[in-house]
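Asks: Mind having a look at this structure? Questions to follow.
Bear in mind that the values in this text are calculations on the coordinates, not laboratory data. All values reported here derive from a predicted model rather than from experimental measurement. Ideal geometry is used to build each Cβ from the backbone, glycine not excepted, and the neighbour counts take in all protein chains shown.
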Amino acid sequence: MCMITNIQRYSIHDGDGIRTTVFFKGCPLRCVWCHNPEAQNRGRELLCSGEKCTGCGACAAVCPQKAVSLKNGTARTDRKLCTACGACAEVCVLNLREIAGREYTVKELTAELLKDQIFYEESGGGVTFSGGEVMAMDMDFILEAAKELKRQGIPLAIDTCGYVPYERFQRILPYTDVFLYDVKVMDEGLHKKYTGVDNRLILENLVRLAHDGARICVRIPTVKEVNGNERSMKEIIAFLQEHDIHPIQINLLPYHDTGSGKYRKLDTAYKGTDLHAPDKEEMEALTALFINAGFKNTKTGG
Amino acid sequence: MGKSRGMNERIRKLREISVNTPVHIDLERAKIETDFYKLNDGKYSIPVMRAMTLKEYFSKKTLYLGDGELIVGEKGKDPQASPTFPELCCHSEEDMVVMSERKLVSFKTTEEDRRLQKEEIIPYWTGRSMREKLLSRMTPQWHDCYEAGMFTEFMEQRGPGHTCGGEQVFTTGYMEYKEKIKKTMDELDYLNDPEALDKCEELKAMDIACDAVMILGERYHKLALEMAEKETDETRKAELFQIAANLEVVPAHRPQTYWQAIQLYWFTHLAVTTELNPWDAFSPGRLDQHLYPYYRKDVEAGILDDRKALELLECLWVKFYNQPAPVKVGITLKESATYTDFANINTGGVTPDGRNGVNEVSYLILDCMDDMRLVQPNSNVTISKKTPARFLKRACEISREGWGQPAFYNTEAQIMELVNAGKSLADARRGGSSGCVETGAWGSEAYILTGYLNIPKIFQLTLFNGYDQYSGKQIGLKLGEAKDFKSFDELWAAFKKQMEYFVDVKIRGNNVIEKLYAEDMPAPCLSVVTNDCISNAKDYNAGGARYNTSYIQGVGIGTVTDCVAAVKYNVYDKKNFTMEELIEAMEHNFEGYDAIYHMVHDKSPKYGNDDDYADEIMQDIFELYRSTITGRPNMRGGEYRIDMLPTTCHVYFGDVILATANGRKAHKPVSEGISPEKSADTHGPTAVIKSCAKMDHLATGGTLLNQKFTPDVVAGETGLNNMASLIRSYFAMDGHHIQFNVVDRQTLIDAQQHPEDYKDLIVRVAGYSDFFRNLDKPLQDEIIERTEQSFS
């Protein structure tokens, strides 16, 4: 079984063609800008938005843990008691409560992924495993799903932060059409500061994966305060050149804060409020650095 | 906004006049017809009388030849003039005021019009119009159902139609038709054929209809010559001489050039749409394939290039737009609240021998649509497996500009539907979709739409023991209170009986109406141009065509599926609440019943999500509907079949149903076409398409699917490719039709608040496009609320 937050059909911004993207739950990184915070922790979680709550009390009445109580006419949830069982989400008439995370068997997952096979075949699309961090999941599960997709002739893209033992990549490589590999910043201190982990393993894995013949798209979330400058990008370019890495595509993805609302629903603070995307011209200038360095297939955005 | 469109100054001027002239009533036809009837009624057989009326009108009508026009001829006195048809529906004095003063789809009437209507038209036609004749012959049950919105009746104000020209309309001159008529006449067997006399009268009528068209041609010929002689501008003078020269050839003879072929079509269009007032006007069918031989010949001869060929197409587009759909009132207005008259052009497809049908003219037609952006003609493409990607992508490019055209039809599905309905393979390949999405064997089939059926309301009445909350009457069968149905199967059995009952009421009425039209209101000119009517010596309205089909169009499959699913899931499977509790909540419009509302509205399986629980229910309802209707005999020697399309009827049908079991509130529109109920689809466009494809499209005569996208989803080369892939995938699953509204919600909301700033905003409604400002508020709201697929 694997915990999944969402299976997004008609996903058209993560790889070629029409795709279905699977968001696995659990991630070793804690990127400040993360727009899928509900996919960071491994277990089920309650997402709850309070603004429109009328205090009808239906949630409090059904909570087996007595985790929900009414305060000042709105429902409050004690997250220490909440087991994310979902009883409250079933009864909330305003649909203010939902559970992030549902366990799937390989069979259930692949059945869902096969639903859009005809669209993948027509458009040259396929399935993308994303997250969270798919490579941090139970590798036996992931491999079994990947093998089934391969057997069905469905191309698989792995969207990864790279922060896992390399042996995991070796196992999945034969079943993977393309890796969407995140590279954030070369500076170790900055990397640690903004993602919670240092980047050594990530970069080592990238080099090894490239040398083992993987098709790689390098994706660079671009944040003004972190890597949205010429120096940072030139460091990435130098690294790619130095290690003879030739990604089939490089995407500079401008930072956006569309995920910030979800932090509130998780009762956690969004720490990225001071972050910004470089403006349009700056983005183009950064993209041009790659193109001028010989990485012709570099684009701003997905 | 409001920028003038068209490839050059000429077209821009013509288009401006067409778009900016207010639609107005033109009583010239009614007056000439009334005077003619007063003098002659009773002297001739009915078919002859009808043909002579057309001849009289074409001999006397005011001609219009506008400055810069290259294709000539108008139904009325001038562009946007709307002749009336008192023999079908004689408008009351009140109608004449209402149609002029209503805010939407208005038709201006003058004091003089109202006087004429009151003093001459009404006194003669009262008691004689088809509307009165047929309504007086309907049963009380029929009237109850009609007034309660169980179904609509197409022939109540307009004639049977749905006609699409075949190749002959572009290759045959009216002298040639006359020869064919004469030949059949000569072969009539007065000794052994008891119908010989009727046949003779019908053939005489057809012959007179041919004369009528040629008289119109001659009069325009004369007018063009006169104008040419007076014209001082040399260029225009030469054009007028050329127009006159064209009219020496057509409509009497086979066209020699591309220009003449278009002109010939246009005269036939005018004749068919003025002899009667047939639904969906008249269509040129496969315009690209019909024009291609002329195009190639003229290009080789050096007398035509692509600019000129495009200009003539754009002139034709203006002509279509000049003709508003004839005025409608009452329920007929509600089911079809639009000026659009549904002339439908299918570009692309395959040739009669099955090769790729896309040619150079196909691309010119796409350019023409793109240049003109007019809601008429309804310009669409038909995509086959053999259609080149270039053509599909160019069509997608135009479609994503967000004004609703072209829609996409599936050539192979159209062919299979027709073959399944007994057409020969070649006739099926010559066919396509007309009106909104309805399939027919063009040039050879009379496929008559008879009315919409309100499927959600049939289920609603099943839950209320046949009682209609809207009209306060017992309309359906009494089969027991819903609470007493012990199982879902018992409920389903009752639903089935109610369905059969309402279809019976509808078909019984249809039979009377078909018979009345066959006898009292023949269409000799339409018969001339429809294959086999001449050789059968039988009218289009009496079964003279090679194929004769009657359609009943199903509305609300999305809504009714979600209703049945909500009841099955909550009452019988999960036992979340009882039937009594549900009925009580529905009776209170769910106000104060939040928990039940939440369960049916948010927590029950819904059609449109690729969820088999709901989709299998859809399949069962579809099959019940299909099997109740398909194959039943009509009165013209053909059979009944089904379509799944709504025009604007889903708004009307929603208005006559109180709160439904799926949480839809009272009077809200029901789902349109085969699209899911609004906001019920939450898994994106591929899931919608998968759900829709579970319906057996090939067993229908057409289905309609609307998809709304925000511009960013279809932006760029990637967006275009994905759009094309969605279409190809849906068609690989036998989907019949898909159309796109590419406009963001904010734009629509803004357009609703500031219509003056969005005069040009066109949206796809249901099988056709219309100006957003022309739609009434519930329909505008409905389009705004249709699920917007955005996944960025």
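Asks: Which of the trypsin sites (Lys or Arg not before Pro) found in the range A:1-85 are loop residues per DSSP with 12 or fewer other Cβ atoms within 10 Å of their Cβ?
Replies: A:LYS52, A:LYS66, A:LYS80
Asks: Enumerate the residues in the range B:1-37 having an amide nitrogen under 15 Å from the point lying 7 Å beyond the Cα of B:ASP67 toward its Cβ.
Replies: Output list for this probe position: B:9-18.
Asks: In addition: Towards the positive end of the charge dipole of the range B:262-330, with charges on Cβ (+1 Lys, Arg; -1 Asp, Glu), say which of B:TYR292, B:ASN322, B:ASN277 has the farthest Cα.
Replies: B:ASN277
Asks: Now a separate question. Which whole-number value in Å³ per residue fits the convex hull of the alpha carbons of chain B?
Replies: 154 Å³
Asks: Output wanted: per-residue J couplings in Hz (rounded whole) for the range B:48-61, from phi through Karplus 6.51 cos²θ - 1.76 cosθ + 1.60, θ = phi - 60°, x for Gly and Pro.
Replies: After applying 6.51 cos²θ - 1.76 cosθ + 1.60, I find 5, 4, 5, 5, 5, 5, 4, 5, 4, 5, 5, 7, 10, 4 Hz.
Asks: What's the local net charge at B:ASN322, with K and R +1, D and E -1, over the other residues with C-beta under 9 Å away?
Replies: Around B:ASN322, the charge tally is 0.
Asks: Then there is this: How long are the semi-axes of the equivalent ellipsoid of the range A:1-67, taking √(5λ) for every eigenvalue λ of the Cα gyration tensor, in whole Å from largest down?
Replies: In descending order, the three semi-axes are 30, 16, 13 Å.
Asks: Please compute the modelled spin-label separation between B:GLU93 and B:ASP186, points set 7 Å along Cα→Cβ, answer in nm with one decimal.
Replies: Distance between the two pseudo-spin positions: 5.7 nm.
Asks: Write down the radius of gyration of the protein assembly as shown and its Dmax, each obtained from C-alpha positions, in Å.
Replies: When restricted to Cα atoms, the protein assembly as shown yields Rg and Dmax of 32.4, 107 Å.
Asks: Can you work out ³J(HN,Hα) from phi for every residue in the range A:215-222, in order, using Karplus 6.51 cos²θ - 1.76 cosθ + 1.60 and θ = phi - 60°, giving whole Hz and x for Gly and Pro?
Replies: 7, 10, 9, 8, 10, 10, x, 10
Asks: Can you list the GluC sites (Glu not before Pro) in the range A:51-159 that are in a DSSP coil and have 13 or fewer other beta carbons within 10 angstrom?
Replies: Within the range A:51-159, the qualifying GluC sites (Glu not before Pro) (loop, at most 13 other Cβ atoms within 10 Å) are A:GLU51.
Asks: Suppose every Lys and Arg Cβ carries +1 and every Asp and Glu Cβ carries -1, with no other charges. What dipole size does the protein assembly as shown come out with about its Cα centre, to the nearest 20 debye?
Replies: Charge dipole, the protein assembly as shown, about its Cα centre: 1520 debye, nearest 20.
Asks: To the nearest 20 Debye, how big is the dipole of chain A about its Cα centre, given +1 on the beta carbon of each Lys and Arg and -1 on that of each Asp and Glu?
Replies: The dipole of chain A has a size of about 940 debye.
Asks: In nm, give the distance between the simple-model label positions of A:THR268 and B:LYS483, each being 7 Å from the Cα along the Cα-to-Cβ direction.
Replies: Placing both labels 7 Å along Cα→Cβ, they lie 5.1 nm apart.
Asks: At q = 0.20 Å⁻¹, work out log10 I(q)/I(0) for the range A:1-113 with the Debye formula, treating every Cα as an identical point scatterer and leaving solvent out; two decimals please.
Replies: With one equal scatterer per Cα and no solvent, log10 I(q)/I(0) is -1.09.
Asks: Here's a follow-up. Taking a threshold of 22 Å on the Cα-Cα distance, which of the pairs B:LYS38/B:LYS182; A:LYS107/A:LYS265; A:LYS107/B:LYS690; A:LYS52/B:LYS603; A:LYS265/B:LYS668; B:LYS178/B:LYS297 fall above it?
Replies: Exceeds cut-off: B:LYS38/B:LYS182; A:LYS107/A:LYS265; A:LYS265/B:LYS668; B:LYS178/B:LYS297.
Asks: On the Cα set of the range B:618-670, report Rg and Dmax in Å, please.
Replies: 14.6, 43
Asks: Apply 1/(1 + (r/R0)^6) to the Cβ-Cβ distance of A:LEU94 and B:SER136, taking R0 = 60 Å, and write down the FRET efficiency to the nearest 0.05.
Replies: Efficiency computed from Cβ-Cβ geometry: 0.65.
Asks: Could you let me know the centre-to-centre spacing of the range A:241-302 and the range B:356-385, using Cα atoms, in angstrom?
Replies: 41 Å
Asks: Also: Karplus couplings for the range B:337-353 from phi (6.51 cos²θ - 1.76 cosθ + 1.60, θ = phi - 60°), rounded to Hz, Gly and Pro as x?
Replies: For the range B:337-353, the Karplus curve yields 8, 6, 7, 5, 9, 6, 4, 10, 10, 9, 9, x, x, 10, 7, x, 9 Hz.
Asks: Something else now. Using +1 at the C-beta of Lys and Arg and -1 at the C-beta of Asp and Glu, which of B:GLN752, B:LEU135, B:PRO79 has the Cα lying farthest in the positive direction of the dipole of chain B?
Replies: The residue sitting most towards the positive pole is B:PRO79.
Asks: In nm², what is the average projected area of the convex hull enclosing the Cα atoms of the range B:389-492?
Replies: Average of the hull's projected areas for the range B:389-492 equals 11.6 nm².
Asks: Using a cut-off of 12 Å between beta-carbons, work out the net charge of the residues near A:VAL62 (Lys and Arg +1, Asp and Glu -1, A:VAL62 not included).
Replies: Summing Lys and Arg as +1 and Asp and Glu as -1 gives +1.
Asks: Using Cβ counts within 10 Å as a stand-in for footprinting exposure, how do B:HIS253, A:HIS211 rank, fewest first?
Replies: Sorted ascending by nearby Cβ count, the order is A:HIS211, B:HIS253.
Asks: Which parts of the range A:153-189 would a label at A:ASP138 reach, counting a residue when its backbone N lies under 18 Å from a point 7 Å out along Cα-to-Cβ?
Replies: Output list for this probe position: A:168, A:172.
Asks: To continue, here is another question. Please find the FRET efficiency linking B:GLU195 to B:LYS77, where r is the Cβ-Cβ separation and R0 is fixed at 60 Å, and quote it to the nearest 0.05.
Replies: Computed FRET efficiency for B:GLU195 and B:LYS77 comes out at 0.90.
Asks: Within the range A:154-180, list the residues whose amide N lies under 19 Å from a label point set 7 Å along Cα→Cβ of B:THR718.
Replies: In the range A:154-180, the label zone of B:THR718 (backbone N under 19 Å from the point 7 Å along Cα→Cβ) covers A:155-161, A:177-180.
Asks: Indicate the gyration tensor shape class of the range B:332-375 (rounded, prolate or oblate), computed on the Cα atoms with a ≥ b ≥ c the square roots of the eigenvalues: a/c under 1.5 is rounded; otherwise a/b larger than b/c is prolate and the rest oblate.
Replies: Oblate is the answer for the range B:332-375, as a/c is 1.5 or above yet b/c matches or exceeds a/b.
Asks: Once the mean 1/r over all distinct Cα pairs of the range B:373-443 is inverted, what Kirkwood radius in angstroms do you read off?
Replies: Its Kirkwood hydrodynamic radius stands at 12.9 Å.
Asks: Using all alpha carbons of the range B:262-383, what is the percent of pairwise distances in each 5 Å bin, ordered from the shortest bin to the longest?
Replies: Percent of pairs per bin, in order: 2, 10, 20, 21, 19, 14, 8, 4, 2, 1, 0.
Asks: Additional query: Less than 13 Å Cβ to Cβ from A:GLY43, Lys/Arg counted +1 and Asp/Glu -1: what total charge do the surrounding residues give?
Replies: Local charge sum for A:GLY43: +2.
Asks: Another one. Quick one: work out Rg over Rh on the C-alpha atoms of chain A, Rh as Kirkwood radius.
Replies: Rg/Rh: 1.00.
Asks: Rounded to the nearest 20 Debye, what is the dipole magnitude of the range A:199-302 about its Cα centre when Lys and Arg each give +1 and Asp and Glu each give -1 at the C-beta?
Replies: Approximately 360 debye in magnitude.
Asks: Tell me which of B:PRO352, B:SER362, B:GLY435 sits at the most positive position along the dipole axis of the range B:323-444, charges placed on C-beta atoms (Lys, Arg +1; Asp, Glu -1).
Replies: It is B:PRO352.
Asks: Right, here's the next one. Long-range amide H contacts for B:TYR607: which residues qualify at under 5 Å (H placed 1.01 Å from N, peptide plane, sequence gap of 5 or more or a different chain)?
Replies: B:ASP562
Asks: Right, here's the next one. What are the residues whose amide H is under 5 Å from the amide H of B:PHE740, where those residues sit 5 or more places off or on another chain and H is modelled from the backbone?
Replies: Distant-sequence amide H within range of B:PHE740: B:GLN707.
Asks: Further question: So for B:ASP288, A:ASP138, fewest C-beta neighbours within 10 Å to most, what's the order?
Replies: Lowest to highest Cβ neighbour count: A:ASP138, B:ASP288.
Asks: Would you mind computing Rg(Cα) / (2.2 N^0.38 Å) for the range B:510-591, counting N as its residues?
Replies: For the range B:510-591, the normalised Cα radius of gyration comes out at 2.05.
Asks: Pulled fully out, how much extra length does the chain show between B:MET175 and B:GLU234, if you take 0.36 nm times their separation in residues and subtract their Cα-Cα distance?
Replies: Gain on stretching B:MET175 to B:GLU234: 17.9 nm.
Asks: Hey, another quick one. Among B:SER45, A:SER11, which comes first, then next, by fewest other beta-carbon atoms within 10 Å?
Replies: In increasing order of surrounding Cβ atoms, one gets B:SER45, A:SER11.
Asks: Please state the Cα pair-distance histogram of the range B:32-147 with 10 angstrom bins from zero: what percent is in each bin?
Replies: Going from the shortest bin to the longest, the percentages are 11, 33, 35, 18, 3, 0.
Asks: Using DSSP to define loop residues, name the trypsin sites (Lys or Arg not before Pro) in the range A:257-302 whose beta-carbon has at most 10 other beta-carbon atoms within 10 Å.
Replies: A:LYS296
Asks: Under a plain spin-label model, where a point goes 7 Å from the Cα along Cα-to-Cβ, how far apart in nm are B:THR110 and A:ARG42?
Replies: For the pair B:THR110/A:ARG42, the computed spacing is 8.5 nm.
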